[in-house]
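A short write-up of the structure that comes next.
The values are calculated or read from the model by the stated rules, or taken from the named source; none is laboratory data. This one's a predicted model, so the numbers in the text were calculated from it and none came from an experiment. Please note: Cβ atoms are built from the backbone with ideal geometry, for glycine as well, and neighbour counts cover all protein chains shown.
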Amino acid sequence: RGGNVAAITGGEQLNSKNIERLLSKSQGFNLPKAREVKDFGVIGHKNSLFYPTIRVLDNEKKVKRLDILNEDEVYFKSILTKYKEGYISMLGFDSTRISLSNVGIEHLYMIAFLDKMESAGIHQISFGYGRRIWEIKDNDLLKLRDSTCSAESRKGGEDSALSWFRRYAFCYELQVPKDWGTENKHAIMLRELNTFFGRMYKLNASWERRNVTCMALIRTNGEESVLSKGGVPILKHTPFSFDVQNIALDEFVAELAAYYFPKSPFPMIDETGYKSKIDLNISCDIRNVELVNGELAKYGLKLVKMDKELDVIVFRQLNE
């Protein structure tokens, strides 16, 4: 609020080099303009991605018309396709449907396990790199990881990232009857993904408990200096500041992990046992754990490494 618009561009331009250019103000700051939103197809949270059609033929067996089925006419449907040009990466869902456009394998499986995350009280955005374990012999399969796309983007920009999506992203949609329930819906999705990727890449995924090294937020004293004074909930952050007001501590940890340590091999977890809402303000390089700990010390908090048994997704290469 009260700031200046430096550029209207695509997400691929948001990198450390351009941030430093902007902050230094030492040179002209011009970035490629983002493509118009109208150039992209968007799936709605309440709309299907794929609609079944019936081809009606004439006497010469040529297509006379296509009758599109309404959603209430379909009991069950499932479809997995290649990357679809012109559509953004997006999730849509309701009580009977899961729709995903142009996402990688890791993202597909994370949605398949979403019911388990919710049951375990795990924030999806904090289910990062360190909780997705790859046990494979063929290192060439690592190109399927979402992080490979990020690496390609850093090396070659938008074109390299788009090339990754065209090769390794998929569209998926599942619709089931209303009385089948969320658990069955996700179980079907998992079974279908394992069947397809098991044949295509000799790859399966499972939800498991593993002992892993974590980055845990702990309390260093019994003081209540972080206790919220109330007010409008605020969760606002930049690479150099984090403002929290009247927010649960585990929400702060989830945002910190997702935005500033997404590729960390150490999952970030809340081990404070603190259930009340909190207020805190951090002013430092948020990507530097040592500096963050210096700020957290004001509130009797600290990030430390510890071994902990956690829920993880294990990607496993199948035997020939």
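Of all residues in the stretch 286-320, those being without any contact (Cβ under 8 Å) to a residue 60 or more places away in the chain, surrounded by 13 or more Cβ atoms within 10 Å (Cβ to Cβ) and not aliphatic (A, V, I, L, M) number 4.
One residue stands out among those in the stretch 167-186 that are surrounded by fewer than 17 Cβ atoms within 10 Å (Cβ to Cβ) and either at pLDDT 95 or above or among the polar types (S, T, N, Q) (or both): the one that is nearest to the chain's Cα centre (by Cα), which is Thr182. For the stretch 46-59, check the following and say yes or no: at least one residue is on the phi > 0 side of the Ramachandran plot, of a type outside the set (D, E, K, R) and loosely packed, with under 15 Cβ neighbours inside 10 Å. Checked the stretch 46-59: no residue is on the phi > 0 side of the Ramachandran plot, of a type outside the set (D, E, K, R) and loosely packed, with under 15 Cβ neighbours inside 10 Å.
One residue is enough: does the stretch 68-88 have a residue meeting the conditions closer than 30 Å to Leu256 by Cα and not acidic (Asp, Glu)?
Within the stretch 68-88, one or more residues are closer than 30 Å to Leu256 by Cα and not acidic (Asp, Glu).
For the stretch 183-209, a residue qualifies if it is closer than 15 Å to Ile313 by Cα and of a type in the set (Asp, Glu), and exactly one does: Glu208. Could you count how many residues in the stretch 86-138 are without any contact (Cβ under 8 Å) to a residue 40 or more places away in the chain, over 15 Å from the mean Cα position of the chain (by Cα) and over 14 Å from Asp311 (Cα atoms)? So the count comes out to 0.
The rows are residues; the columns are (1) in contact with a Lys or Arg (Cβ under 8 Å, 6 or more places away or on another chain); (2) of a type in the set (Lys, Arg); (3) at pLDDT 95 or above.
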| position | (1), (2), (3) |
| --- | --- |
| Glu224 | no, no, no |
| Ala248 | yes, no, no |
| Thr272 | yes, no, no |
| Glu290 | no, no, yes |
